[in-house]
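**Student:** Once you've had a glance at the structure underneath, I'll fire off some questions.
The values are calculated or read from the model by the stated rules, or taken from the named source; none is laboratory data. Given the structure is predicted, the values throughout are model-derived calculations rather than measurements. Cβ atoms come from the backbone with ideal geometry, glycine included; neighbour counts cover every protein chain shown.
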């Protein structure tokens, strides 16, 4: 039985990259208003899952429904769907020759016909929402890592998307900045009526603001439940990941590293 309040529905999902199966037999529903944390070892397919939600990667089997409709394969329908998605990338993706305000204004200028004064007011509101209205005229190089991440968050919110996707939002941030960003994720989710999917390996920083935790490992969904249920789990795979144990059911795969090095060497040649 499906949840009529679900904003994301995955059924029998199978995802492949380069002929390799990354995720298989994945069934998952995310309800409107939830903050869902997606955990898993490096290379487990967390970011690949986000690629399926945004339509960047088509499933090899199963289905992906986002915002009450199947994710289109391409074309205008896919562009329209993406307008309802706010995406915060690992590297922020801020344009270095634009100020913070100009970066936030970019989606509004690209996807709407709003007059300049209205866009300026909306930009001011988005920067205020992340506590950076005073930094409107600063360039990305003049911002700290945490500030740049918050500007990127303001830009992701520019078109008022109902669904926010965060890809490792805490990468490279100090503990204080991590706390600020995750507090913002929770507060904005609640005050703006959003749904948030946070892909991360920062367990302890993310669990306090999450409604539900999902763990992906070994190409499959191995856990879905509340943060308290996750922390109380005695499953060896879950405990290895949460406790950072080097030995256990999750292998340390040197072939992934070797493949990356080989590809890098070929690119440099």
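**Student:** If residue 81 satisfies all but one of (1) touching a residue at least 40 places away in the same chain (Cβ under 8 Å); (2) in a helix (DSSP H, G or I); (3) in contact with a strand residue (DSSP E or B) (Cβ under 7 Å, 6 or more places away or on another chain), what's the number of the condition it fails?
**Tutor:** Unmet for residue 81, out of (1) touching a residue at least 40 places away in the same chain (Cβ under 8 Å); (2) in a helix (DSSP H, G or I); (3) in contact with a strand residue (DSSP E or B) (Cβ under 7 Å, 6 or more places away or on another chain): (1).
**Student:** Step by step: first the residues of the range 137-163, then only those that are over 17 Å from residue 93 (Cα atoms) and surrounded by fewer than 18 Cβ atoms within 10 Å (Cβ to Cβ), then the one that is nearest to the chain's Cα centre (by Cα). Which residue is that?
**Tutor:** 162
**Student:** Still on this structure, please answer the following. Could you list, in sequence order, the residues of the range 27-66 that are assigned to a loop (DSSP other than H, G, I, E, B), at pLDDT 95 or above and under 15 Å from residue 213 (Cβ atoms)?
**Tutor:** Result: 34, single match.
**Student:** Name the residues in the range 201-245 that are over 21 Å from the mean Cα position of the chain (by Cα), modelled with pLDDT of 85 or more and not in a helix (DSSP H, G or I), would you?
**Tutor:** 233, 234, 235
**Student:** Another one. What is the number of the single condition among (1) in contact (Cβ under 8 Å) with a residue 24 or more places away in the chain; (2) loosely packed, with under 15 Cβ neighbours inside 10 Å that residue 76 does not meet?
**Tutor:** (1)
**Student:** Please work out which one of (1) within 26 Å of residue 172 (Cβ to Cβ); (2) at pLDDT 95 or above; (3) in a loop (DSSP other than H, G, I, E, B); (4) under 21 Å from the mean Cα position of the chain (by Cα) is the condition residue 91 fails and give its number.
**Tutor:** Just one mismatch for residue 91, condition (2).
**Student:** While we're here: Hey, can you tell me all the residues within the range 48-65 that are surrounded by 16 or more Cβ atoms within 10 Å (Cβ to Cβ) and touching a strand residue (DSSP E or B) at 6+ places or on another chain (Cβ under 7 Å)?
**Tutor:** 48, 49, 50, 52, 53, 54, 57, 59, 62, 64, 65
**Student:** Looking at 71, 130, can you tell me which residue is within 19 Å of the chain's Cα centre (by Cα), without any contact (Cβ under 8 Å) to a residue 60 or more places away in the chain, within 19 Å of residue 8 (Cα to Cα) and surrounded by 14 or more Cβ atoms within 10 Å (Cβ to Cβ)?
**Tutor:** Just a single option satisfies the conditions, and that option is 71.
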